[in-house]
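The numbers here are math on the coordinates, done by the rules we state, and not lab data. All figures in this text were calculated on a predicted structure; none of them were measured in a lab. Reconstructed Cβ throughout: ideal geometry from the backbone, glycine too, with neighbour counts over all protein chains shown.
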Amino acid sequence: MADSTSSTTAYSKPFKLLVRSAEQVVQVVNNGAKVLRGNEMKSLAVLESRLPKDANRRDGLSVVVDRTGNIHDIGYDSDLDGKYTEQDFDHIVDATGQCVIPGLIDGHTHPVWAGDRVNEFSMKLAGATYMDIHKAGGGIYSTVTSTHLATEEQLYSSLVQRLQTMLQNGSTTIEAKSGYGLDLENELKILRVLHRAQKEGPWNLSITYCGAHAVPKGSSAEVAVKDIVEHHLNAVMEETKAGRLTVDNVDVFCETGVFTVEQAKAILRKGQSFGLNANFHAEELSYLGGAEMGAAIGSKAISHLEYISPEGIAAIAQSGTVATLLPTTAFQMRLPAPPVRRMIEQGVAVAIGSDFNPNAHCLSMPVVMYLAAVTFHMSLEEVLAASTINAAASLNLADSRGSLEIGKVADMVLIDSPSWEHLIYQLGNATKLISTVISKGFVVRARKKE
Ligand SMILES: N=CN[C@@H](CCC(=O)O)C(=O)O
Ligand SMILES: [Zn+2]
């Protein structure tokens, strides 16, 4: 097939897209595995272009995407040339010299809020702790106040800008929490904004109800838990049943001075009774035993875990609960790194996320991946597994996402470099390196060649 890019009448061709002649196709897994646990994260399935005997040009790799946006075929150009013609595709992307990786999956974000907390960043640099600020009524409370004042339209417009930036940085699936409403009316407002973004945007969101993000001012943890368990969660689920919301996960900030392990358990269990995945914050600033509880109730994932105990590690290794680690937060709050090496040695599946929120303002998974490698002592292979298949597993999405395998959704990132590791190695250069982002088989970012 000669080099060309064609785009003709929709639905007239048998296939949506051909990405061809790539240097590498990083499948991550190629055997249907739905998660990589512990040492399995060390080796990834990578297809390399080849130089056939007596040939003067490399035989690159191609990915064929069907009409539904799923991967239909993966193989060498020379093999696929006999099976397809240029006319079979709506669109052809020439990936010569580039690497194809799965769309990145950001396992933990708080993307719907108004205002900012740049003043608190200064305070923290001067020595204030996160909890000092929270107890003084700042932190989450300050964002709750500004988010209450914002209209749905304002929240939607800032959310879309944030998601666009995430997409430009390679994230095609993003876990997205509510949690700056706290009261039912404002939590529903935030969830509606997320639902609209999911319906209207090119990204894939995994939406999380996080009404237990802080104890509402003037209330107590006991009253807040009772409200959520007896009233708010029911109301949220009624709205989802009516098709006005989508909610996939339930979250709680289980932390000293916020919600106890027992309180978190009550909320998570109630969410699970509605079919939501338990995926919550624990052991971030102190050890409480949230990991042990989360494992015991079959949580899909637990985030942060800087202060996880050896028993907690054993429990999540045993239960298969994914540890979603958040390097930007640990880095900017100067927290100790979670015991990642020990987790991996003991067979835990590790995912990572940006934790984008007004306390840790980072929209770029490649930056998060760099921090995971350098500050959490993860290898480049472990970092990519944590941002693809394991992040998919943390959101119960590994059947359809997180690897480049036939039948999975064609979410792909093309990196203009001879090997995929450059995406992590070249700190701060991701939007230059990423030439193309493909979501559900549609090209949603196509950088012009300079
Ligand atoms: N720790 C709780 N939630 C967020 C921070 C939210 C905020 O400070 O606004 C986190 O994951 O880091
Ligand atoms: Zn968080």
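Overview of results
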| item | result |
| --- | --- |
| Rounded to 10°, Cα long-axis angle of helix 365-375 versus longest principal axis of the chain | 70 degrees |
| Within a Gaussian network of the chain (alpha carbon springs, distance under 10 Å), most fluctuating of 73, 248, 416 | 73 |
| Choice from 324, 436, 256 showing the highest fluctuation, given a GNM over the chain with Cα pairs closer than 10 Å | 256 |
| Paramagnetic reach from residue 96 in the range 382-421 [backbone N under 15 Å; point 7 Å along Cα→Cβ] | 417 |
| The chain: angle of helix 310-319 to the longest principal axis, Cα-based, in degrees nearest 10 | 50 degrees |
| Burial ordering of 352, 133, fewest other beta-carbon atoms within 10 Å first | 133, 352 |
| Fully extended contour minus Cα-Cα distance, from residue 374 to residue 241, at 0.36 nm per residue | 43.5 nm |
| Trypsin sites (Lys or Arg not before Pro) lying in DSSP loop within the range 173-222, provided at most 14 other Cβ fall within 10 Å | 217 |
| Length-normalised contact order of the chain in % [C-alpha pairs under 8 Å, at least 6 apart] | 21 percent |
| Additional length obtainable on full extension of the chain from residue 286 to residue 55, 0.36 nm per residue less Cα span | 77.1 nm |
| Where labels lie 7 Å past Cα in the beta-carbon direction, separation of residue 199 and residue 335 in nm | 3.5 nm |
| Rg(Cα) / (2.2 N^0.38 Å) computed for the range 306-400, rounded to two decimals | 1.02 |
| Cβ-derived FRET efficiency at R0 25 Å, residue 148 paired with residue 273, nearest 0.05 | 0.30 |
| For residue 408, distant residues with modelled amide H under 5 Å away | 71 |
| Top positive-direction residue, dipole computed over the range 174-314 with Cβ charges, set 237, 219, 291 | 237 |
| Selection from 184, 133, 337 lying farthest towards where the dipole of the chain points positive, charges on Cβ | 184 |
| Per-selection Rg to Rh, the range 104-394 - Cα, Kirkwood hydrodynamic radius | 0.93 |
| Listed peptides 292-300, 231-239 by packing density, highest first (mean Cβ within 10 Å) | 292-300, 231-239 |
| For the range 39-85 versus the range 285-327, the gap between their alpha-carbon centres in whole angstrom | 38 Å |
| Alpha carbon centroid spacing (whole Å) that separates the range 144-161 from the range 214-233 | 23 Å |
| Within the range 396-450, trypsin sites (Lys or Arg not before Pro) in DSSP loop having at most 12 other beta-carbon neighbours inside 10 Å | 448, 449 |
| Ellipticity estimate at 222 nm from DSSP helix runs (n ≥ 4, -39,500 (n - 2.57)) divided over the chain, nearest 500 | -9500 deg cm²/dmol |
| Cleavage-rule hits, trypsin sites (Lys or Arg not before Pro), the range 230-270, DSSP coil, Cβ neighbours within 10 Å at most 10 | none |
